[in-house]
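Step one of this worksheet: look at the structure below.
The values are calculated or read from the model by the stated rules, or taken from the named source; none is laboratory data. Model, not experiment: these values are computed from the prediction. Heads up, the Cβs are rebuilt from the backbone with ideal geometry, glycines too, and the neighbour counts pull from every protein chain shown.
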Amino acid sequence: MGLAEEMSAARSGSGHAGRLLGEFRRTALLVPLSEGEGGGFMSGWQGGVRWIYAFTDEEALTRFAVARGAGACEWEYLSILGARLVDAVIPMVDGPTGVAVDVADRDGSMLFPPVVGIVPDAYAVDAEPDRAEAV
């Protein structure tokens, strides 16, 4: 099963968290690049968490662009493994950061929050202080 199918199974209650996270880490996600001075990955804020937008395929990215009123524009994006996104990119971002996958797909999106087991412990909002320092 691919990531989209694992997310669908998880949303329906028939998925397995370990398989979902494994597939997320193995999948090459499309992450749009921000325009403007700061550059970097396109992201948004919700509930005190920065969410990096990532997509399972170009069609999902296009639906997101259309939802933002930018469907006629060409967006630059980077293809990056989910594992690299959470293990290497998130530690470089200030503050709690997670990954929002396929956010334009109301019934097909999934959030990977900044918690133990998804991001490195030192960057997880739920890490015990002693555990985060040991990393």
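Data for the structure
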read-out: Residues within the range 47-66 that are out of contact with any strand residue (DSSP E or B) (no Cβ under 8 Å at 6 or more places or on another chain) and closer than 25 Å to residue 95 by Cβ, tallied; value: 2
read-out: Failed item in (1) on the phi > 0 side of the Ramachandran plot; (2) outside any loop (DSSP other than H, G, I, E, B), with residue 31 passing the rest; value: (1)
read-out: Residues that are surrounded by 15 or more Cβ atoms within 10 Å (Cβ to Cβ) and not in a helix (DSSP H, G or I), drawn from the range 16-27; value: 27
read-out: Lone qualifier among 94, 105, 130 - being over 19 Å from residue 30 (Cβ atoms), at pLDDT below 95 and either part of a loop (DSSP other than H, G, I, E, B) or in contact with a Gly (Cβ under 9 Å, 6 or more places away or on another chain) (or both); value: 94
read-out: Tabulated pairs, the range 35-58, first at pLDDT below 95 and assigned to a helix (DSSP H, G or I), second surrounded by 10 or more Cβ atoms within 10 Å (Cβ to Cβ) and aromatic (Phe, Trp, Tyr), C-beta under 6 angstrom, 6+ apart or interchain; value: none
read-out: Positions within the range 108-122 being over 21 Å from residue 28 (Cα atoms), in contact with a helix residue (DSSP H, G or I) (Cβ under 7 Å, 6 or more places away or on another chain) and either at pLDDT 95 or above or among the aliphatic types (A, V, I, L, M) (or both), in sequence order; value: 122
read-out: Residue 86 being buried (at least 17 other Cβ atoms within 10 Å of the Cβ) and closer than 20 Å to residue 45 by Cα; value: yes
read-out: Selected residue (criterion: nearest to residue 126 (Cα to Cα)) from residues of the range 71-91 that are part of a loop (DSSP other than H, G, I, E, B) and either out of contact with any strand residue (DSSP E or B) (no Cβ under 6 Å at 6 or more places or on another chain) or of a type outside the set (Phe, Trp, Tyr) (or both); value: 76
read-out: Selection from the range 31-70 of residues that are over 25 Å from residue 5 (Cα atoms) and among the small types (Gly, Ala, Ser); value: 34, 36, 38, 39, 40, 47, 48, 69, 70
read-out: Some residue of the range 93-107 being without any contact (Cβ under 8 Å) to a residue 12 or more places away in the chain, closer than 24 Å to residue 8 by Cα and over 13 Å from the mean Cα position of the chain (by Cα); value: yes
read-out: Selection within the range 93-133 - exposed (fewer than 13 other Cβ atoms within 10 Å of the Cβ) and under 24 Å from residue 61 (Cα atoms); value: 106, 107
read-out: For residue 25: the one exception among (1) more than 22 Å from residue 120 (Cβ to Cβ); (2) of a type in the set (D, E, K, R); (3) in contact with a Gly (Cβ under 7 Å, 6 or more places away or on another chain); value: (1)
